[in-house]
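Data first, discussion second: the structure below is written as structure tokens.
No value in this document is a laboratory result; all are computed from the given coordinates. Since the structure is predicted, the reported quantities are computational estimates derived from the model, not experimental observations. Cβ atoms come from the backbone with ideal geometry, glycine included; neighbour counts cover every protein chain shown.
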Amino acid sequence: MMQPRTLLVMMILACIFGQTLRADDTPRAEPSKGLEDLFQNAQRSVVKLYGAGGMKGLESYQSGVVIGDGNTILTSWSTVLDVDKVRVVTYDGRRLDAEVIGVDPECELALLKIEDAKLPGFQLDAKIQARPGQRVFSITNLFGIAAGNEACSYQKGVVMAISNLQSKFVGLRSVYRGKVIVVDAMTNNPGAAGGALIDLRGRLLGVIGKELRDEQSGIWLNYSIPIDVVAASVDRILSGKTRAAGATLAMAKNPHKPAELGLVFIPNVIPKTPAFIDRVRKDSLAEKAGIQPNDLILLINEQRVDSQKAFDQILQTIERGDSFQLLIQRGLELVRVQIRP
């Protein structure tokens, strides 16, 4: 027999969540179309992305959401994007090529551009806020199940909390430390990163984050980056505060060189070997700037560095007498350093 105290707790929870769900389920809050129509329309704005990867623990696929004019894709910034052209598979089975036009390392988000795709895009409305107890749905290509015109996978859940990732979940290893939407569904599976979290009206509430779990404690956090954070990140990228790798810049007459800076990278053995630092020479400009072995260079003067080759190319545009800024990843921290000749 159920204990009176347990029964009381369940009744209280039923009242709380019942009120929230009834508010979402009223005819005024939802369109007259059913969930099947809602999913069918929403999934037209979710795409499957294929790129670099294939190694252990590095999937070569993930998800993305179409925004705005239908030619821009918002997704999670990951190693999948470390290719010249990212393959995009749309809801109707088309295979298109996209280029990365900008990244936001702090939010781990990226924007891709495709030509004349004519896809319906989600609107980034920063005023839409998820609420604890609200029913939500995720649309992603988790586990790479959909390869062509098959529908993406749908999961239903409830918003458990709106929290700050840095202060509440310190045991989980993540570069992103901002606000998250925590849900009670297993949304953050391989391939799901960059997918859509929507409400019962089909509006975009957030973008599914990367897999995040603590191997020691067994905690697995299922979260999305809220739409207000996403909208601000997209504005930063589109305003030119972060540029894609290979952006056209004027060549310097007397440019910097990696060796003269005191940087020694890991062996460059693949087309896009990351700018991962193996050693820093003593008393060099790099050492004086505070750069350390095992640092990963992400940006030079807000221009993305996706390989050692890209690092060399960008250095060719900076005069030897000029200072410049690097954004590096050190473990799970993002650090800005200034190289001063």
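Karplus-based coupling profile of the stretch 108-113, in residue order and whole Hz: 6, 10, 9, 10, 10, 10, with θ = phi - 60° in 6.51 cos²θ - 1.76 cosθ + 1.60 and x standing for Gly or Pro. The alpha-carbon of Lys282 sits under 13 angstrom from the alpha-carbons of these aspartates and glutamates, leaving out residues fewer than 8 places away in its chain: Glu260.
Remark on Val158: its backbone amide H falls under 5 Å from those of Val136, Asp184, Ala185, a criterion applied only to residues 5 or more positions apart or on other chains, H modelled at 1.01 Å from N.
Database remark: amide H of Ala275 closer than 5 angstrom to the amide H of Ile297, Ser307, Gln308 (H placed geometrically; neighbours at sequence offset of 5 or more, or on other chains; Pro and chain starts carry no H).
Couplings for the stretch 73-85, taken from phi via the Karplus curve 6.51 cos²θ - 1.76 cosθ + 1.60 with θ = phi - 60°, read 10, 9, 8, 7, 7, 8, 5, 4, 8, 7, 9, 5, 10 Hz in order; Gly and Pro are left as x.
Only lysine pairs 8 or more places apart, or on different chains, with alpha-carbon atoms under 20 angstrom apart are counted in the stretch 27-238, and they number 14. When you work out D = kT/(6 pi eta Rh) for the stretch 258-339 at 37 °C and 0.692 mPa s, using the Kirkwood radius from C-alpha pairs as Rh and the Stokes-Einstein form, the result is 260 µm²/s. Shown here are the Rg and Dmax of the Cα trace of the stretch 123-203, at 13.6, 41 Å. Here the spin labels are modelled as points 7 Å beyond Cα on the Cα-Cβ line, and at Asn149 and Gln123 they lie 3.0 nm apart.
Overall form of the stretch 27-238: rounded. Here a/c, set by the Cα gyration tensor axes a ≥ b ≥ c, is under 1.5. Net charge in the neighbourhood of His256 (other residues with Cβ under 14 Å of its Cβ; Lys, Arg +1, Asp, Glu -1) is 0. Listed by chain and number, the aspartates and glutamates placed with their C-alpha closer than 17 angstrom to that of Lys272 are Glu59, Asp82, Asp84, Glu99, Asp295, Asp306, Asp312; residues fewer than eight positions away on the same chain are left out. The gain in end-to-end length when the Arg131 to Arg330 segment is fully stretched comes to 68.2 nm, 0.36 nm per residue minus the alpha carbon separation.
Taking loop as defined by DSSP and a crowding limit of 13 other beta carbons within 10 Å, which trypsin sites (Lys or Arg not before Pro) in the stretch 63-120 fit? Intermediate results must be reported in sequence, preceding the final value.
Working: sites: Lys85, Arg87, Arg94, Arg95, Lys113, Lys118; in loops: Lys85, Arg94, Lys118.
Those that pass, being in a loop and sparsely packed, are Lys85, Lys118.
When only the Cβ of Lys, Arg, Asp and Glu is charged (+1, +1, -1, -1), the dipole of the stretch 27-238 relative to its Cα centre reaches about 460 debye.
Peptide packing: for 271-277, 318-324, the average count of neighbouring Cβ atoms within 10 Å per residue gives the ranking 271-277, 318-324, highest mean first. Once the chain from Phe276 to Lys309 is taken as fully extended at 0.36 nm per residue, the excess over their C-alpha distance is 10.7 nm.
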